[in-house]
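Notes to accompany the following structure.
The values are calculated or read from the model by the stated rules, or taken from the named source; none is laboratory data. Being a predicted model, the structure only gives us computed values, none of them experimental. In this analysis, Cβ positions are derived from the backbone assuming ideal geometry, glycine residues included, and neighbour counts consider all displayed protein chains. Keep in mind that these areas ignore ligands, DNA and RNA; they rest on the heavy atoms of the full protein, side chains included. Shrake-Rupley method; radii C 1.70, N 1.55, O 1.52, S 1.80 Å.
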Amino acid sequence: MSNTVRILATSLALGGLALAATPAFGQEARTVSAVETVAETPERHAVWTAILSTYVQPGEDGLNRFDYGALKANEADRAALTAYLTSFETLDFDSLTRDEAFAAWANLYNALTIDHMIGRYPVKSIRSGYIIGPWKRVKTVANGREVSLDEIEHDILRVEWNDPRVHYAVNCASIGCPNLQTKAWEAATLDADLDRAAREFINTERGVTVRERGGLQVSTIYKWFEDDFGGSEAGVIEHLLQYADDDLAAQIRANADIKRHKYDWDLNDVQ
C-alpha cells in the first residue's frame, strides 16, 4: 500500500470508536469491501465514497437503491460511518471554499440520513412512526454547533446557495427522491455532478412523464419547492427543459401543462 491516502481510518478506543487524528493521510486502516476503488483518493470524503460505492446499487430503471440491511449487519462499516459523522464536529466550514462547503453539508445530510435509517431498519419509510417525518428531530454536531437535517437543507443549503440543484444533492431515503449517488460530492467536480444528477432524475418517470391524456406528471418536489424552481409552473417547466434529453424536451414542449404531482415515500431499499 502506498503512503497516500488510506480511507476509513478509525481507531478503536476503550470506550468506543473515535476518528483517528489524521484520518485521511498516511494511515493503515480497516476498510470496507470497496476500499481499493478509492484508496488513492486524497479527499476529505473518501470514507463516505467507500460506503456509497459499496452499498448503493444502481438499477436499470434509473433508481439507485441502498442496501440498508447489509450495512446494518456490518459493524465495522457502521463504525466507519459513525466516525465520519463525528469528523464534522470540529470541521471549520468557514475555512472551506464555497464548493467545498456545499459538498460537506450535502454529504453530511446524506450520511446522517443513512445513519438514522440504519438505526431504525427495517422500516417501510423514513416517515414510519412519525406524523410528518424525522427531519427536525435527527441532529448532529457540525462546525461546532448542533444542526438538524431540516436546518441543513432549509436553513443552510437552500438559503446560502439558492440553487435548485440542492434538491438533487440531498437524499431522503425514499424512492421518490433524486438518487443517492455512488460517490461523495466533491468540490472539484461539484457543478458537473449536480448537473448530471439533475438530468438523471428528470429523465426518469420519478422526475417527469407525459400523461397519456396530455399534460405532465412531475415529482411533487417541484410543487413543494416551486419557489426554488422559478416560482411558477412556467419556471418549473423551464427548469425541466434545461436538463431533459432531446426526446423528452420535445414532449414537454408539446404538453407544457403540469396536471399531476407524484412522490413515492417507500424506502429506497434493495429489492
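Does Arg120 qualify as being among the basic types (Lys, Arg), more than 17 Å from Lys183 (Cβ to Cβ) and surrounded by fewer than 17 Cβ atoms within 10 Å (Cβ to Cβ)? Walk me through how you get there before you give the answer.
On the way: among the basic types (Lys, Arg): yes; more than 17 Å from Lys183 (Cβ to Cβ): yes; surrounded by fewer than 17 Cβ atoms within 10 Å (Cβ to Cβ): yes.
Yes; evaluated as a whole, the condition is true for this residue.
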Practice prompt. Taking Ala256 as the residue in question, decide whether it is open to solvent by 50 Å² or more (accessible area, probe 1.4 Å), in contact with a helix residue (DSSP H, G or I) (Cβ under 9 Å, 6 or more places away or on another chain), hydrophobic (A, V, I, L, M, F, W, C) and part of a helix (DSSP H, G or I).
Written response: no
Worksheet item: Can you pull out the residues in the stretch 96-120 that are out of contact with any strand residue (DSSP E or B) (no Cβ under 9 Å at 6 or more places or on another chain), over 18 Å from Trp161 (Cβ atoms) and not hydrophobic (A, V, I, L, M, F, W, C)?
Response: Thr113, His116, Gly119, Arg120
Worksheet item: Any idea which residue in the stretch 131-169 is surrounded by the fewest Cβ atoms within 10 Å (Cβ to Cβ), counting only those that are over 17 Å from the mean Cα position of the chain (by Cα) and among the polar types (S, T, N, Q)?
Response: Asn162
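Please go through the stretch 238-253 and pick out each residue that is free of Cβ contacts under 8 Å to residues at least 60 places away in the same chain and open to solvent by less than 100 Å² (accessible area, probe 1.4 Å).
Residues of the stretch 238-253 free of Cβ contacts under 8 Å to residues at least 60 places away in the same chain: 238, 240-253.
Selection gives Leu240, Leu241, Tyr243, Ala244, Asp245, Leu248, Ala249, Ala250, Gln251, Ile252.
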